[in-house]
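The values are calculated or read from the model by the stated rules, or taken from the named source; none is laboratory data. Small disclaimer: the values here were computed from a predicted structure and weren't measured. Note: ideal-geometry Cβ built from the backbone for every residue, glycine included; neighbour counts use all protein chains shown.
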């Protein structure tokens with residue numbers, strides 16, 4: 001507005017800890033935008049993942065939650081294990097009140113009850129071979145399509 005920053009621009013800059021004059025300008029087909037780039041010292045991903053997963057699960061649009069056990073944890077179904085690995089290391093922390101571990105559970109009737117996952121890269125193969133559960137959605141969809149056409 002007449003070369004002066006709008007209230008929205010000033011509020012945005014304040015939330016970034018800068019003034020509007022310190023922001024970069026980015027011109028696109030849709031107009032000019034203010035940009036702020038900062039290098040923020042982070043934390044190791046291991047320290048962030050459990051909280052990020054918990055917040056993401058809390059935002060899922062689940063219409064009917066259930067509670068199990070003697071705690072206040074709620075989810076669509078009871079959760080018995082939380083498997084969280086980065087490469088070959090367990091991500092320390094809790095999700096849904098359960099300590100993260102390297103233990104997987106296979107299919108209730110056809111797979112192994114507990115499977116130890118040595119490396120995150122092995123997840124889909126180990127779960128299929130030993131747990132008899134197909135983790136890859138697209139692979140499962142293709143198998144269902146193929147089997148339904150053969151029937």
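Looking only at the range 126-148, count every residue that is in a helix (DSSP H, G or I) and in contact with a strand residue (DSSP E or B) (Cβ under 8 Å, 6 or more places away or on another chain) and tell me the total. Total meeting the criteria: 2. Looking at this structure, is residue 72 assigned by TED's automatic domain parsing to the domain that holds residue 96 and either in contact with a helix residue (DSSP H, G or I) (Cβ under 9 Å, 6 or more places away or on another chain) or assigned to a loop (DSSP other than H, G, I, E, B) (or both)? Yes, satisfied. Residue 60 satisfies every condition listed in (1) under 30 Å from residue 44 (Cα atoms); (2) modelled with pLDDT of 95 or more except (2).
If you check residue 45 against the conditions, is it surrounded by 15 or more Cβ atoms within 10 Å (Cβ to Cβ), farther than 30 Å from residue 19 by Cα and in contact (Cβ under 8 Å) with a residue 12 or more places away in the chain? Taking the combined requirement at face value, the residue does not satisfy it. Within the range 22-60, the set of residues being farther than 29 Å from residue 92 by Cβ and part of a loop (DSSP other than H, G, I, E, B) comprises 23, 29, 30, 36, 37.
A quick yes/no check of all residues on (1) surrounded by fewer than 12 Cβ atoms within 10 Å (Cβ to Cβ); (2) within 25 Å of the chain's Cα centre (by Cα); (3) modelled with pLDDT under 95:
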| position | (1), (2), (3) |
| --- | --- |
| 90 | no, yes, no |
| 96 | no, yes, yes |
| 100 | no, yes, no |
| 115 | no, yes, no |
| 119 | no, yes, no |
| 125 | yes, yes, no |
| 131 | no, yes, no |
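Residue count for the range 1-16, restricted to those that are part of a loop (DSSP other than H, G, I, E, B) and at pLDDT 90 or above: 1. Filtered by the rule that a residue be over 21 Å from residue 108 (Cβ atoms) and touching a residue at least 12 places away in the same chain (Cβ under 8 Å), the range 61-71 gives 62, 64, 71. Taking the criterion of being touching a residue at least 24 places away in the same chain (Cβ under 8 Å) and either closer than 10 Å to residue 130 by Cα or in a loop (DSSP other than H, G, I, E, B) (or both), the residues of the range 93-103 that qualify are 93, 96, 97.
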